[in-house]
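One structure is given below, encoded as structure tokens.
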Amino acid sequence: MARFSRVFGFPRLPVHYARGLRFRLTVSYVLFFTILLVVIGLFFRRTLQSQMEGSVREALEEEWGEAKGYLKIENQRPVWIVDVSDPEEAFIVSRIKHAFLITDANGVALDYDDTYESIGIDSLAEIRQILQGDPVIRQRYDKTGVPYLIKAGRIPDDKGRPYFFAIGRSLQPVRNTVRAVTRAYFFTLPGMMLLAGVLGWALAGRSIRPVNLVAQAAREITGSNLSMQIPLRGAGDELDHLIESFNRMTERLNQSFEQIRRFSTDVSHELRTPLTAIRGQLEVALFTAETPDQYREAMINALEDVEKLSSIVRALLLLSQAESGQLALQKTRFDLADLAADVVDQFQIPAEERSVTLSAVLDAGGIVFADRTQIERLLSNLLSNAVKYTPAGGSVRVRVGTTDTQDWAQIVVEDTGSGIPAQNLPHIFDRFYRVRTAETNVVPGLGLGLSFVAWIVEVHGGRIDVASAEGEGSRFTVLLPLAAGLADTADATELKQDVA
């Protein structure tokens with residue numbers, strides 16, 4: 001192609017155009033249009049030739065009927081009965097005699113013209129075969145290759161004896177007309193292809209314009225303008241679906257980046273506070289401490305802040321391991337009521353310090369087959385949030401038991417705290433997400449606790465529901481499968497393995 005372009009002086013398309021979707025669509029359109037035009041041209045050529053040859057056949061049939069009215073065989077000699085004073089009759093007879101042959105039953109030619117002689121006198125076998133049957137129409141060629149349509153049959157004389165009679169008409173005008181039309185059609189085909197290419201290029205450009213807009217928008221998107229949206233075309237087609245999907249993707253990316261920014265801010269704040277405290281305590285001890293007790297007190301305070309840092313780092317590592325599937329569960333049978341009693345006892349002192357009443361209603365019998373450590377972490381996170389976000393004088397209540405259908409073990413943690421706004425409820429289990437209000441901003445945290453809760457519930461095959469209203473408190477309901485179903489499933493699995 002490159003050599004062809006250099007030889008004939010055609011400009012070469014840049015590589016990125018030749019590989020572009022617009023170019024490929026245009027080439028496909030031109031190829032399809034060319035094939036379609038060629039097929040249409042061949043079809044109409046065949047149709048035109050068939051119709052014109054049919055017209056010649058009809059004219060030949062008409063002349064055959066006329067010839068019987070003008071030709072008589074008398075005394076074994078052909079006689080043309082024509083009124084020479086009538087130009088029309090003279091023209092008809094001259095047209096019939098343009099290509100004709102008359103022979104007797106033995107193949108002896110009685111009359112013929114030069115045109116039929118160039119086509120070739122029929123053999124005796126052919127003559128006798130035709131005399132024994134109905135008239136036939138055949139296609140034959142003269143010495144120069146001109147095609148003729150020949151109709152041959154028998155004609156009786158005045159005594160009823162059969163004679164061979166044949167007339168013909170040239171198909172050369174038909175072939176010339178068809179050839180001329182075909183040549184004209186295919187000579188105009190390159191122009192039609194060029195026009196198709198121009199129209200295809202324009203239509204392809206119009207069709208992929210929304211795709212180019214999406215690509216341009218994707219190139220312009222950075223971390224600072226993820227809120228960019230491409231307007232819909234209103235056509236409701238695949239391109240609109242693509243634009244809509246792209247806009248939703250940018251929304252999700254924007255939410256993810258926003259969560260990461262919030263997380264970075266929270267982590268920086270949470271890490272900076274203990275680090276600042278550690279540095280301050282150590283500097284004070286370095287410059288002002290004079291006795292071993294003063295140094296010991298500074299080191300104890302610094303170690304407490306280091307423990308806070310370690311807790312933050314452990315939480316991040318644990319959540320990362322959980323979400324990546326690296327945290328293996330150690331499942332055992334235990335009663336949720338016993339575990340909840342221990343956790344509630346642990347939170348009694350923090351609740352009293354905040355003047356929050358913590359109570360529990362624990363019904364035995366909620367036996368689960370689960371990881372005790374993770375379930376304890378789940379309940380601890382829910383209680384920690386409930387206590388932290390409940391103002392002084394409020395209450396937190398824990399209920400553990402089974403559902404009415406006896407299919408699930410149930411944990412309910414409800415409080416009279418600040419509640420969760422409706423617009424925040426769908427996101428509270430997202431990683432690093434925190435509800436931002438005047439009351440919650442003063443509470444420290446990274447927004448990881450409920451992410452842990454959601455993961456723990458999911459890996460144990462349970463579910464969690466939240467009911468909350470701003471200023472009216474919150475209620476978290478966790479459902480976990482009872483141990484009986486899990487145990488039966490585990491036993492069945494072990495039995496299948498043993499049998500195998």
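The values are calculated or read from the model by the stated rules, or taken from the named source; none is laboratory data. Keep in mind that what you see is a predicted model, and the values were worked out from it rather than measured. Neighbour counts are summed over all protein chains in view; Cβ atoms, including those assigned to glycine, are modelled from backbone coordinates with ideal geometry.
Observations on the model:
- Looking at Ala196, Ala202, just one residue is modelled with pLDDT under 90, part of a helix (DSSP H, G or I), within 23 Å of Phe43 (Cβ to Cβ) and assigned by TED's automatic domain parsing to the domain that holds Arg22, and that residue is Ala196.
- Where Thr493 falls short, out of the listed (1) buried (at least 16 other Cβ atoms within 10 Å of the Cβ); (2) at pLDDT below 80; (3) of a type in the set (S, T, N, Q): (1)
- Residue list for the range 88-103, filter: out of contact with any Phe, Trp or Tyr (no Cβ under 8 Å at 6 or more places or on another chain) and either among the hydrophobic types (A, V, I, L, M, F, W, C) or at pLDDT below 85 (or both): Ala90, Phe91
- Taking the criterion of being aliphatic (A, V, I, L, M) and at pLDDT below 75, the residues of the range 402-445 that qualify are Val435, Ala438, Val442, Val443.
- Exactly one residue among Gly366, Gly393 is of a type outside the set (A, V, I, L, M, F, W, C) and either in contact with an Asp or Glu (Cβ under 6 Å, 6 or more places away or on another chain) or closer than 15 Å to Val478 by Cα (or both), and that residue is Gly366.
- Residue list for the range 331-367, filter: part of a helix (DSSP H, G or I) and surrounded by fewer than 17 Cβ atoms within 10 Å (Cβ to Cβ): Asp338, Ala341, Asp342, Asp345, Gln346, Gln348, Ile349, Pro350, Glu352, Glu353
- Scanning the range 362-381 for residues that are in contact with a Gly (Cβ under 8 Å, 6 or more places away or on another chain) and of a type in the set (A, V, I, L, M) gives a single hit, Leu362.
- Residue in the range 402-412 that is assigned by TED's automatic domain parsing to the domain that holds Thr477, over 45 Å from the mean Cα position of the chain (by Cα) and in contact (Cβ under 8 Å) with a residue 12 or more places away in the chain present: yes
- Residue check for Gln76: in contact (Cβ under 8 Å) with a residue 40 or more places away in the chain, of a type outside the set (A, V, I, L, M) and at positive phi: yes
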